[in-house]
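Reviewing the structure listed below.
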Amino acid sequence: MGAPTSSRPLSSSLKLTTKMDTPGVAPFFHVWRPTDIAAVEGKLPVMAWNNGACSRNDQVFKPLFDKWAAGGWIVLSLTSGGGSSSTTIADQKGLIDWIVAEAAKAGSEYNGKVDLDRIVAGGNSCGGITSLGLAAQDERVAGIFVLSGSSGMGGANTMVTSKITVPVAYIIGGEEDIARANAEADYEAFADGIPSMIVSRSTGDHLMISNNADVMKDAADVSINWMDLTMYGQQAALDALKQPTVCAGCMSGLWSMMGKNLETLVK
């Protein structure tokens with residue numbers, strides 16, 4: 001993870017106008033981003049996203065992407081356009097390869113504007129599995145965000161969790177969420193000292209946490225604070241996650257947060 005940029009405003013405080021681009025190249029993806037990248041001060045962090053069911057349908061996650069892009073992030077989300085209908089770790093890695101190449105390409109609007117030290121891998125369900133798997137093998141990943149997912153089914157995949165060296169956050173549903181126990185197993189399996197967090201909803205099964213519009217709104221609020229804490233060491237972001245409702249505007253008693261080593265992220 002790169003050195004903190006204390007002067008950068010909280011992503012949650014920004015309201016940048018955004019747009020979506022479709023580069024039309026493998027691994028086939030959308031780019032959700034501030035409309036005028038050149039006008040944004042400094043370099044922009046990156047989210048490399050994979051969808052639930054490892055599908056190529058990213059539209060249900062638009063509330064997340066809109067929030068992140070308006071907060072000054074470049075969001076790359078796998079989508080349709082050719083090739084296999086099922087996404088993979090290699091596809092998610094390809095998102096990072098693309099933005100790294102664009103950041104170095106003369107004439108690209110991304111040239112000199114991408115913070116390659118601040119790349120988060122994120123995903124839902126199967127996309128969470130690929131995000132953790134990617135982070136276990138690609139040192140360019142500086143943080144992980146998982147929505148109702150985990151490293152594997154039936155418990156923690158210790159071949160993956162043992163190789164995680166960057167901060168990880170999970171958002172999960174109630175006891176009826178099939179991903180809950182697996183996410184909790186991951187949380188317990190990480191090496192001592194790894195900053196990690198689980199934000200759980202009092203109710204909600206896997207499909208609800210993965211698809212419901214109201215859940216997406218809350219998840220966007222939680223995740224952008226997590227990303228600011230993880231990438232920039234912002235104390236205000238940690239304070240926001242520690243508030244009783246966990247996220248601004250969330251119903252009292254609906255969400256709860258547990259975390260470990262979070263204070264070590266503050267700069």
Completion exercise
Taking first residues from region 93-107 that are at positive phi and second residues anywhere that are part of a helix (DSSP H, G or I) and of a type outside the set (D, E), the pairs with Cβ under 8 Å that are 6 or more apart or on different chains are none
Practice task
Determine whether D21 is in contact (Cβ under 8 Å) with a residue 40 or more places away in the chain, farther than 19 Å from M231 by Cα, in contact with a strand residue (DSSP E or B) (Cβ under 9 Å, 6 or more places away or on another chain) and among the charged types (D, E, K, R).
Solution key: no
Problem - Any chance A39 is without any contact (Cβ under 8 Å) to a residue 24 or more places away in the chain, of a type outside the set (F, W, Y), in contact with a strand residue (DSSP E or B) (Cβ under 6 Å, 6 or more places away or on another chain) and surrounded by fewer than 24 Cβ atoms within 10 Å (Cβ to Cβ) - result: no
Problem - Residue match in region 215-226 (condition: in contact (Cβ under 8 Å) with a residue 60 or more places away in the chain, within 19 Å of V75 (Cβ to Cβ), surrounded by fewer than 20 Cβ atoms within 10 Å (Cβ to Cβ) and of a type in the set (S, T, N, Q)) - result: no
Handout entry: strands (runs of 3 or more DSSP E) lying entirely in region 26-126 (those with 1 or more residues that are of a type in the set (D, E, K, R) and more than 30 Å from G155 (Cβ to Cβ))
Key = 29-34, 114-124
Practice task
Within region 98-126, track down each residue that is acidic (D, E) and surrounded by fewer than 19 Cβ atoms within 10 Å (Cβ to Cβ).
Solution key: E102, E109, D117
Exercise for the section: Return the pairs, sorted by first residue and then second, in which the second residue is in a helix (DSSP H, G or I) and of a type in the set (V, I, T), the first residue lies in region 143-167 and is free of Cβ contacts under 8 Å to residues at least 40 places away in the same chain and within 14 Å of S196 (Cβ to Cβ), the beta carbons are less than 6 Å apart, and the residues are 6+ apart or on different chains. Expected result: S151/V160; S151/T161
Practice task
Could you tell me whether region 82-97 includes any residue that is more than 22 Å from P23 (Cα to Cα), surrounded by fewer than 19 Cβ atoms within 10 Å (Cβ to Cβ), at pLDDT 95 or above and not β-branched (V, I, T)?
Solution key: no
Exercise for the section: Kindly establish whether T79 is of a type outside the set (A, V, I, L, M, F, W, C), surrounded by 16 or more Cβ atoms within 10 Å (Cβ to Cβ), within 25 Å of L14 (Cβ to Cβ) and more than 16 Å from the chain's Cα centre (by Cα). Expected result: yes
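The values are calculated or read from the model by the stated rules, or taken from the named source; none is laboratory data. The structure displayed is predicted, hence computed values, not measured ones. When we count neighbours, we look across all protein chains shown, and the Cβ atoms used for this are built from the backbone with ideal geometry, even at glycine.
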